[in-house]
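Engineer: Structure in structure tokens, see below.
The values are calculated or read from the model by the stated rules, or taken from the named source; none is laboratory data. Small disclaimer: the values here were computed from a predicted structure and weren't measured. Glycine also receives a Cβ, built like all others from the backbone with ideal geometry; neighbour counts cover every protein chain displayed.
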Amino acid sequence: MQRRHFLATFVGAAAVMQRQTLTAQQPGAGVFFERAESGTPHQGKVLAAIQAHSDDIPLSASGTVAKLIQEGYVGYLIRATNDDMGDLPGLGTRGTIGENVLGNERDNDEVARVLGLKRVFNLNYNNHRMADVSLNELICRLIFLIRLLKVDTVVCWDPWAHDEENPDHYMIARGVEAACWMAGREHDYPEQFAAGLQPYEVRDKYYFARRPEITRVVDISGVVDKKVDANVANKAKGPGGHHGSQLRAELAKRNQRLPLLGDDDGTADRNYIKEFLLAGDRELGRKYGVEYAEAFHYVGPGASGASGPSTEEYIRQHAMPLK
């Protein structure tokens, strides 16, 4: 993102985020509302938050990731590109490729830390060049990670999304969708079994998009500060970072101030994110009677044609021990 015309672009950045969420349909048929659960009901499960760029998860799904981690998941962050076209952290200026890669990698690591994710894996493809990547190569790498980490749940871009112009987004989405299914099959990449891996099928998927086909809305009100933290951490790539303090400084040069931005840079950055970048989350939450929410195309267990929810429920009710 160019920072030279900051005041001209900051409203546009907020508008992009609102567009991603405000298309949410009214509460009704076909949409499951996922509330926060007490305790750690997901203890023992593994989550992979998978993104093309360092700002994807922070902007679109970090509330849900933080909620699931709080409820017991062990989480990992997988980033497909090296963000080599990003700006320098905190400076808003274009640097060398090496500076951009290192700066965005540091941001990405910090996003993982504030969300409570255990480890980061960077696939290091070039930014906006993933259309050139072999899809089979990408799928194979993702299958390896799914089997290695024993991933139960993924959070990623939606492979069937509308209005997606970024090739990195739809390439990682296509790779994830295929890998989630193939990772559980004994006949796909069996050479990985010689390294000690075993088939492992991903059970459910939270897919986000610019204009999502919404089947699940997640209440993130209790972890909204974690989402703010994740976007503060994303200084170079995302529209969060230091945008609030930069706006505060620009206004001061014009002898103006916004009470929203407070009296220090930290307050300015956090309040800017909460007011502008989370406006869509706030509007969606209002429709469901909560403070903040995120929207997903959720794909649950059995969607690939294996033992679906109805089969599992029947087994739970009627299975008997062998005599």
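Engineer: Looking only at segment 227-241, decide whether some residue is of a type in the set (Asp, Glu), more than 19 Å from Asn100 (Cβ to Cβ) and in contact with a Leu (Cβ under 6 Å, 6 or more places away or on another chain).
Structural biologist: If we filter segment 227-241 for residues that are of a type in the set (Asp, Glu), which is where we start, we get 229.
Still in the list and also more than 19 Å from Asn100 (Cβ to Cβ): 229.
Restricting the remaining residues to those that are in contact with a Leu (Cβ under 6 Å, 6 or more places away or on another chain) gives none.
The answer is no, given that none of the residues of segment 227-241 is of a type in the set (Asp, Glu), more than 19 Å from Asn100 (Cβ to Cβ) and in contact with a Leu (Cβ under 6 Å, 6 or more places away or on another chain).
Engineer: If I filter segment 292-314 for residues that are of a type in the set (Phe, Trp, Tyr), more than 23 Å from Glu110 (Cβ to Cβ) and in a loop (DSSP other than H, G, I, E, B), do I get at least one hit? Lay out the reasoning, then the answer.
Structural biologist: First, pick out the residues of segment 292-314 that are of a type in the set (Phe, Trp, Tyr): 292, 296, 298, 314.
With the extra rule that they be more than 23 Å from Glu110 (Cβ to Cβ), the set shrinks to 296, 298, 314.
Adding the requirement that they be in a loop (DSSP other than H, G, I, E, B) leaves none.
No, every residue in segment 292-314 fails to be of a type in the set (Phe, Trp, Tyr), more than 23 Å from Glu110 (Cβ to Cβ) and in a loop (DSSP other than H, G, I, E, B).
Engineer: Filter segment 288-302 for residues that are over 18 Å from Lys226 (Cα atoms) and crowded, with 16+ Cβ neighbours inside 10 Å and give the result.
Structural biologist: Residues satisfying the conditions are Tyr288, Phe296, His297, Tyr298, Val299, Pro301.
Engineer: Just name the residue that is surrounded by the fewest Cβ atoms within 10 Å (Cβ to Cβ) out of those in segment 241-250 that are in contact (Cβ under 8 Å) with a residue 40 or more places away in the chain and more than 17 Å from Val111 (Cβ to Cβ). Break it down stepwise before answering.
Structural biologist: Step one: list which residues in segment 241-250 are in contact (Cβ under 8 Å) with a residue 40 or more places away in the chain, which gives 241-243, 246-247, 250.
Those left that are additionally more than 17 Å from Val111 (Cβ to Cβ): 246-247, 250.
On the way: Gln246: 20, Leu247: 20, Glu250: 13.
Among those residues, the one meeting the criterion is Glu250.
Engineer: For the list (1) modelled with pLDDT under 95; (2) among the acidic types (Asp, Glu); (3) closer than 23 Å to Asn234 by Cβ, I need the number of the one condition that Asp109 fails.
Structural biologist: (1)
Engineer: Still on this model: Looking at the structure I just gave you, is Arg79 on the phi < 0 side of the Ramachandran plot, under 20 Å from the mean Cα position of the chain (by Cα) and either at pLDDT below 55 or not acidic (Asp, Glu) (or both)?
Structural biologist: Numbers: on the phi < 0 side of the Ramachandran plot: yes; under 20 Å from the mean Cα position of the chain (by Cα): yes; either at pLDDT below 55 or not acidic (Asp, Glu) (or both): yes.
Answer is yes for this residue.
Engineer: Exactly one condition in (1) touching a Leu at 6+ places or on another chain (Cβ under 9 Å); (2) basic (Lys, Arg); (3) touching a residue at least 60 places away in the same chain (Cβ under 8 Å) is false for Lys150; which is it?
Structural biologist: Going through the list (1) touching a Leu at 6+ places or on another chain (Cβ under 9 Å); (2) basic (Lys, Arg); (3) touching a residue at least 60 places away in the same chain (Cβ under 8 Å), Lys150 breaks only (1).
Engineer: Here's another thing I want to ask about it. If you take the residues in segment 183-230 that are closer than 27 Å to His243 by Cβ and modelled with pLDDT under 95, which one is surrounded by the fewest Cβ atoms within 10 Å (Cβ to Cβ)?
Structural biologist: By that ranking, first place goes to Arg211.
Engineer: Now for a different question. Take Lys323 and decide whether it is modelled with pLDDT of 90 or more and among the charged types (D, E, K, R).
Structural biologist: No.
Engineer: Could you tell me how many of the residues in segment 22-33 are modelled with pLDDT of 95 or more and either small (Gly, Ala, Ser) or not in a loop (DSSP other than H, G, I, E, B) (or both)?
Structural biologist: Going residue by residue through segment 22-33, those that are modelled with pLDDT of 95 or more are 31-33.
After this cut, where a residue has to be either small (Gly, Ala, Ser) or not in a loop (DSSP other than H, G, I, E, B) (or both) as well, the list is 32-33.
Total satisfying the criteria: 2.
Engineer: Residues in segment 210-225: is at least one without any contact (Cβ under 8 Å) to a residue 60 or more places away in the chain and either closer than 20 Å to Ser38 by Cβ or of a type in the set (Asp, Glu) (or both)?
Structural biologist: Among the residues of segment 210-225, at least one is without any contact (Cβ under 8 Å) to a residue 60 or more places away in the chain and either closer than 20 Å to Ser38 by Cβ or of a type in the set (Asp, Glu) (or both), which makes the answer yes.
Engineer: Hey, could you check segment 262-282 for residues that are touching a Ser or Thr at 6+ places or on another chain (Cβ under 7 Å) and either within 13 Å of Pro239 (Cα to Cα) or not small (Gly, Ala, Ser) (or both) and say which is surrounded by the fewest Cβ atoms within 10 Å (Cβ to Cβ)? If you could, list the steps in order and put the result at the bottom.
Structural biologist: Initial filter on segment 262-282 (touching a Ser or Thr at 6+ places or on another chain (Cβ under 7 Å)): 265, 268-269, 280-281.
Filter once more, so that each one left must be either within 13 Å of Pro239 (Cα to Cα) or not small (Gly, Ala, Ser) (or both): 265, 269, 281.
Values: Asp265: 15, Asp269: 25, Asp281: 30.
Per the criteria, the residue is Asp265.
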